[in-house]
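Student: For reference, the structure I am asking about is given below.
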Amino acid sequence: MTSKTDLQLQHDLSESIPPLLKWPGGKRNLVKIIEKHLPRSYNTYYEPFFGGGALYFHLAPERAIVADQNTALIRAYKVIRNSPEKLINALRRWRSGEEEYYRIRQLLPRTRITKAARLVYLTTFSFNGIYRENLRGDFNVPYGHKDHLAVCDAKRIRTTSKALKAAKLKSGDFEETLSDAREGDIVYCDPPYTVAHNNNGFIKYNARIFSWEDQERLAVRLTFITYSFGVLFDGVEGSFAPVAVAQVGAL
């Protein structure tokens with residue numbers, strides 16, 4: 001077995017950073033609660049529903065495999081990790097403001113740098129930081145009136161870039177992401193909320209990208225992880241929910 005990452009040592013050696021991207025369902029305000037349920041040591045950190053990556057950036061693991069079904073999101077993270085200066089230069093060409101927001105929302109970028117810059121920009125200035133697409137795959141969130149925010153936070157982009165150096169970034173289904181998890185690894189799952197009895201519009205949107213059947217499939221997959229603990233839902237510790245922190249015992 002490879003040498004394990006000591007959780008306390010990681011906090012001693014690296015400063016926790018806030019996530020660069022605000023993402024629906026993000027746990028940036030709950031990472032310290034979640035951290036209490038984590039083992040003190042582990043090998044590789046797995047997160048198959050990465051989103052804004054709040055827990056990952058809080059822990060700063062030495063080895064990680066993170067993924068998301070949103071291909072555009074993972075491609076943006078790869079640009080942040082591999083080409084931070086090009087991303088910074090692209091963002092510096094744009095301004096804040098409602099007219100500029102809708103102009104950029106209508107853009108159809110061709111390069112990976114501009115695509116990533118557009119995603120960072122839109123999630124910064126959209127209403128509530130929401131990322132949402134319609135059935136045609138078009139980003140359709142209205143302007144959030146957050147002109148006080150910087151278009152380009154170069155320092156955070158560079159810090160995020162360094163933090164992502166430890167991660168293998170993948171896009172795809174959670175089963176593929178977790179297929180390589182082995183004894184001593186840690187798995188953190190926070191899938192989109194999909195509740196059969198809830199008629200909330202955002203829940204309906206999530207159901208298109210991660211159905212209740214997918215939730216059941218995830219539950220079956222996690223039964224192969226023998227040591228699991230810690231569930232959260234809407235910030236309520238101890239309530240039943242599709243959020244799990246687990247250490248792999250045997251798969």
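The values are calculated or read from the model by the stated rules, or taken from the named source; none is laboratory data. For clarity, every value in this text was computed on a predicted model and none was experimentally measured. Methodologically, a virtual Cβ is constructed for each residue, glycine included, from the backbone with ideal geometry; neighbour enumeration extends over all protein chains shown.
Student: Scan region 93-101 and tell me whether some residue there is buried (at least 19 other Cβ atoms within 10 Å of the Cβ), at negative phi and within 21 Å of the chain's Cα centre (by Cα).
Tutor: For region 93-101, residues buried (at least 19 other Cβ atoms within 10 Å of the Cβ), at negative phi and within 21 Å of the chain's Cα centre (by Cα): absent.
Student: Right, next: Give region 23-38 a look and list any residue that's farther than 30 Å from V141 by Cα and assigned to a loop (DSSP other than H, G, I, E, B), or say none.
Tutor: Result: K36, H37, L38.
Student: If you check I33, I74, which single one turns out to be at pLDDT below 90 and either out of contact with any Phe, Trp or Tyr (no Cβ under 8 Å at 6 or more places or on another chain) or under 24 Å from E175 (Cα atoms) (or both)?
Tutor: The conditions single out I33.
Student: Got a sec? Which helices (runs of 4 or more DSSP H) wholly within region 106-209 have at least 2 residues that are surrounded by 15 or more Cβ atoms within 10 Å (Cβ to Cβ) and modelled with pLDDT of 90 or more?
Tutor: In region 106-209, 112-125, 154-163, 174-178 are the helices (runs of 4 or more DSSP H) which contain 2 or more residues that are surrounded by 15 or more Cβ atoms within 10 Å (Cβ to Cβ) and modelled with pLDDT of 90 or more.
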